[in-house]
Amino acid sequence: MRTERRIIKEGYDGNLEPLFEMEDKGDAIKITVDLPRVKKEDVEINATRDTVEITAKMNEAIAWERWGTIQKRMTFQTFQKQIRLPEPIDPDGASASFKNGILMILMPKVRRKVLINIE
Amino acid sequence: MEDEIVTIVEEAGVVHKSPIVIEGLPDVGLVGTIAASYIVEKMDYAKIGYVESDLFSPIMVVHDGKLHNPFRLYGNEQVVVVLSETVILPDAVYPMTRALTDWFKVIGAELVISVTGLPAKNRIDIEKPEVFGVADNDAAVKKLKDKEIELLEEGFIAGTYAIMLRECKKRSLNAISLLGQCFPVYPDPGAAASAIKALDKFVPLGIDVSDLIEKEEEIKVKARDLMRQTTLSSQQMQKSAEQDMPIMYR
């Protein structure tokens, strides 16, 4: 039931939620996002200390047809996702790359680990 | 065939002649599901039955306005394809694999091939995913070696295909798993294409995978929901253990 409601919601706002993976790299947080049908120049990333928002326009709209009684046809052209980060990051130090439809964002944490020497 | 609460329903009355079973159930990269769907479409296999259980998610599939079970069997006298369009919940894995392997025994399956993925952290840098193999007995290991499939030498395997191999072994069924290097949490048609090519060494289907590569991005978009559910289920099946090494090797 949860999936069905979300499909209808996506139909209204025209955005798809992309798949993503978040990894704690120690001093940084790494996020990869699967963005098929998207070109590098059509990706927009906005980051704050606590969140990162990705908006990406597909080069061609994708349509679901014959969804039974739910909807005859739905068309989507944009991926959008806001991700809440587990720790504060420094947005100015963030970097990103895009290869084969996979977006990779590396964001340094505000509080870096400090090596404590043992006396 | 019935095992506790999993039922295999044969609809078409096919008389099986030592078939090869190709199993493509949702797992990492949806490699098996994508491969099995493509094989069924390209070979135009008929639907011959379905699998149902109260342990499965309460989901039915509508294709062309007609209701279908999401867990279906396709094929003919020589080949059976096991395909699921819905996630297999952890509680269903054991009874489902027992019921299926009991049925494989009844139909006299010559070989059971699970097509699945092998998570590769550097997948983005891999142009042509390699396919590795695991077998349940010496005869099946020999089949892999004869077909020049590289063996997974040591390590843990987790998820549906791991239990499928175990249950096949208990029933003296020859079984192998073909694992294509894949993105762990993204649908991976490229890995499915590699797996189909490897599969062709065992079942000469002669399938051209160019359509699969061409439609790669469309498949990735449309398979997001199943991938998301599969990832959640996989976490409960200790899939991350596949990145670990066993304490004792022998």
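The values are calculated or read from the model by the stated rules, or taken from the named source; none is laboratory data. Here the structure is a predicted model, which is why all the values come from computation and not from measurement. Positions of Cβ are generated from backbone atoms using ideal geometry, with glycine treated the same way; all protein chains shown enter the neighbour counts.
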Out of (1) over 21 Å from residue B:91 (Cβ atoms); (2) out of contact with any Phe, Trp or Tyr (no Cβ under 9 Å at 6 or more places or on another chain), what's the single condition that is false for residue B:26?
-> (1)
Selection count, the range A:22-48, where residues are among the aliphatic types (A, V, I, L, M), in a strand (DSSP E or B) and within 14 Å of another protein chain (Cβ to nearest Cβ) | 4
Can you tell me which of B:186, B:161 is aromatic (Phe, Trp, Tyr), within 19 Å of the chain's Cα centre (by Cα), closer than 23 Å to residue B:41 by Cα and at pLDDT 95 or above?
-> B:186
So which residues in the range B:175-201 are within 8 Å of residue B:129 (Cβ to Cβ) and either touching a His at 6+ places or on another chain (Cβ under 6 Å) or assigned to a loop (DSSP other than H, G, I, E, B) (or both), if there are any at all?
-> B:188
For residue B:86, the lone unmet condition from (1) within 14 Å of the chain's Cα centre (by Cα); (2) without any contact (Cβ under 8 Å) to a residue 12 or more places away in the chain is (2)
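Among B:21, B:9, which is the only one that is part of a strand (DSSP E or B), β-branched (Val, Ile, Thr) and more than 14 Å from residue B:70 (Cα to Cα)?
B:21
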Mind counting the residues in the range B:49-68 that are surrounded by 14 or more Cβ atoms within 10 Å (Cβ to Cβ) and without any contact (Cβ under 8 Å) to a residue 24 or more places away in the chain?
-> 1
Out of (1) touching a strand residue (DSSP E or B) at 6+ places or on another chain (Cβ under 8 Å); (2) under 26 Å from residue B:94 (Cα atoms); (3) not in a loop (DSSP other than H, G, I, E, B), the one residue B:139 does not meet is (1)
Applying the selection to the range B:142-163, what residues are in a loop (DSSP other than H, G, I, E, B) and under 22 Å from residue B:101 (Cα atoms)?
-> B:156, B:157, B:158, B:159
Just to be sure, is residue B:205 within 25 Å of residue B:100 (Cα to Cα), within 14 Å of chain A (Cβ to nearest Cβ), surrounded by fewer than 23 Cβ atoms within 10 Å (Cβ to Cβ) and hydrophobic (A, V, I, L, M, F, W, C)?
-> no
